[in-house]
Amino acid sequence: MAQIIALSRFLHLQHPLRVSLASLCSRSMSSLDTRARAVFSAAVEGVQPDIVVHMSLERHGDKLLVGGQSFTLTNNLYLVGFGKAVLGMAAEVERIVGDHLIKGVISVPHGIQKTLHNHGKENMLLENNSRITVMEGAKNNLPDADAQKSAECIRELASGLTEKDLLLVLISGGGSALLPAPAPPMSLQEKQDVTRKLAAAGATIQELNTVRRALSLLKGGSLAQCAKPAQVVALILSDVIGDPLDLIASGPTVRSDFKPEEVWAILDRYKLSYSLPSSMNEVLSKARPHYGSQVQEQPEEVQDHVLNVVIGSNTIALECASRKAVELGLRPIILSPGVCGDVHSVARLYGLLSRFACFPEKETPPELAAEILQLGPEVGVESWDLCRTINMLVEERKEDWGVTCLLAGGEPTVQLTGKGRGGRNQELALRVGLELSSDEVKSGAVFLSGGTDGQDGPTEAAGALTDGELMKEAMSQGLDIDGFLTNNDSFTFFSQLSEGQWLLKPGLTGTNVMDVHAMLLPPSPQRDFQ
Ligand SMILES: Nc1ncnc2c1ncn2[C@@H]1O[C@H](COP(=O)(O)OP(=O)(O)OP(=O)(O)O)[C@@H](O)[C@H]1O
Ligand SMILES: O=C(O)[C@H](O)CO
């Protein structure tokens, strides 16, 4: 604590600020609301599958430049892909290098072609004469027999390649469920049971995918291993905080060490060790059959035929949002692309930051900055990023730079206690609205939280917007916020509030780099800095 207070002193937070209460109550809501929506759209636009592929592949005659390396095209190109966004990625790859493409197979979510077609996203669909076979599966994001069939086709294609060939692997979120290849003797049903139990017990994506990797014939680098001696280039659209290559879609092109004790520790943590099928014991007790002894003796040689390139991520989405903010006359600050942790703590952080940017007393209480910094580890934000943000907020206000647009991304979590309809973005917006409403002095902030895939939980909305008038608005319409929150019913709440005008409904976007948060903080020109 002492350290944190000292840090806040270092940040010059002791300015005696004088705030005029009346001035702070004025709001320019509709304009901020519209700009917040435009900033979100720009974030999503910047990570559209076809756009990120276009930005990362450069074609010069028969040369393909990617990730700083050059590959020669001699009608030697093959393609596989799995994930929610790979259809759009594949369509763009085919537009760029389709003349050298021999064959491709992609595993995509059930019904996605029809949905994209219905949303008018023809640019994300393959041409009728495409050389790529599209296989749909994994209904409700769960591995199923269809996805297993796709995984088999992908494995077969990769296994038949020679050293003259180049395999492009398209990877995006949802790829784990779309590439199920249970290591024998484990059955698909058994593997599905294990992952479902882990997910229901609250395992993180890191834990879940560590287990999935250990039980698979294709994850944890094994797909790239199958393709050897062909060159492998993986284009990855990241949906995991920090973009860990070995975890996104369980890393089929990234060699990972197989450590059974790590897997057992995870199963123990969620008290699952004693309710597992015997096949799992068998899989975990022997070295992976497809990783021969030669591989283990010379691990550094295993993947020198593989190039993994992250072509889209939450960071890129935030950068695009930031550029849009500037265009709209806002002053962007990117807090972090790694916001996680319980939605209560995340909402608290935004409440504190808004309060900080607009404190009502003569001086910012050092406890305010201290509490912000203390929350950092709980919400996945580094102290350095919080300090930088606080410092910029101080500077922007001091120099009267206008409306600030605080941007962040990541994936907070909700502990479900009720049976309502909602998602983590709508629940976060609702909780931030409560924070903003409970402030004595209104900052005039508008907050937006949205899933970049366009779908927040099992709802038709991507997220919602909110501001400090939320509580008053809800009360005047007879809506009991606490009741909706207890039942995790944020979608119903926002649908009923002012005829759903606060919902964010971009429709299915065809991409996924987790969530984007934007908090627009209007200036408070009446502040005097002495
Ligand atoms: N009623 C609800 N209220 C709040 N959050 C919910 C509710 N129902 C589900 N969720 C949360 O929504 C999340 C699942 O939503 P979603 O389908 O958007 O997942 P996702 O993690 O974005 O998946 P993907 O990464 O595959 O897109 C889970 O974290 C779950 O806790
Ligand atoms: O498919 C998966 O494993 C998740 O979406 C994380 O990438």
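The values are calculated or read from the model by the stated rules, or taken from the named source; none is laboratory data. Being a predicted model, the structure only gives us computed values, none of them experimental. For neighbour counting, all protein chains shown are included, and Cβ atoms are generated from backbone atoms with ideal geometry for every residue, glycine included.
Tabulated values for the structure
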| item | result |
| --- | --- |
| Candidates Lys259, Lys228, Lys324 - the one that is at negative phi and at pLDDT below 90 | Lys259 |
| Test for Ser130: is it within 16 Å of ligand 2 (Cβ to nearest atom) and either among the polar types (S, T, N, Q) or farther than 25 Å from Ile248 by Cα (or both) | no |
| Matching residues, the range 149-181, being away from ligand 2 (no atom under 16 Å from the Cβ) and of a type in the set (Gly, Ala, Ser) | Ala158, Ser159, Gly160 |
| The range 241-266 - residue that is in contact (Cβ under 8 Å) with a residue 60 or more places away in the chain and surrounded by fewer than 24 Cβ atoms within 10 Å (Cβ to Cβ) and, of those, nearest to ligand 1 (Cβ to nearest atom) | Ile241 |
| Criterion (out of contact with any Phe, Trp or Tyr (no Cβ under 9 Å at 6 or more places or on another chain), at pLDDT 95 or above and more than 16 Å from ligand 1 (Cβ to nearest atom)) met by exactly one of Leu125, Leu101 | Leu125 |
| Candidate set: the range 448-487, residues that are among the β-branched types (Val, Ile, Thr) and surrounded by 21 or more Cβ atoms within 10 Å (Cβ to Cβ); chosen: the one modelled with the lowest pLDDT | Thr459 |
| Odd one out for Gly468, checked against (1) in contact with a Ser or Thr (Cβ under 8 Å, 6 or more places away or on another chain); (2) closer than 19 Å to Ala325 by Cα | (2) |
| Wholly enclosed helices (runs of 4 or more DSSP H) of the range 34-147 bearing at least 1 residues over 30 Å from Met186 (Cβ atoms) and over 23 Å from the mean Cα position of the chain (by Cα) | 86-97, 112-118 |
| Arg255 being charged (D, E, K, R), farther than 22 Å from Leu87 by Cα and part of a helix (DSSP H, G or I) | no |
| Close pairs (8 angstrom Cβ cut-off, 6 or more residues apart or separate chains): farther than 13 Å from Leu77 by Cβ in the range 89-106, hydroxyl-bearing (Ser, Thr, Tyr) and assigned to a strand (DSSP E or B) anywhere | Val105/Thr133; Ile106/Thr133 |
| Complete set of residues in the range 171-204 that are crowded, with 20+ Cβ neighbours inside 10 Å, touching a residue at least 60 places away in the same chain (Cβ under 8 Å) and within 16 Å of ligand 1 (Cβ to nearest atom) | Ile171, Ser172, Gly173, Gly174, Gly175, Ser176, Leu178, Leu179, Leu198, Ala203 |
| Complete set of residues in the range 427-447 that are buried (at least 24 other Cβ atoms within 10 Å of the Cβ) and either more than 16 Å from ligand 1 (Cβ to nearest atom) or over 23 Å from Ala325 (Cβ atoms) (or both) | Glu427, Leu430, Arg431, Leu436, Ser443, Gly444, Ala445, Val446, Phe447 |
| The range 489-530, subset at pLDDT 95 or above and in a loop (DSSP other than H, G, I, E, B), residue farthest from ligand 1 (Cβ to nearest atom) | Gln501 |
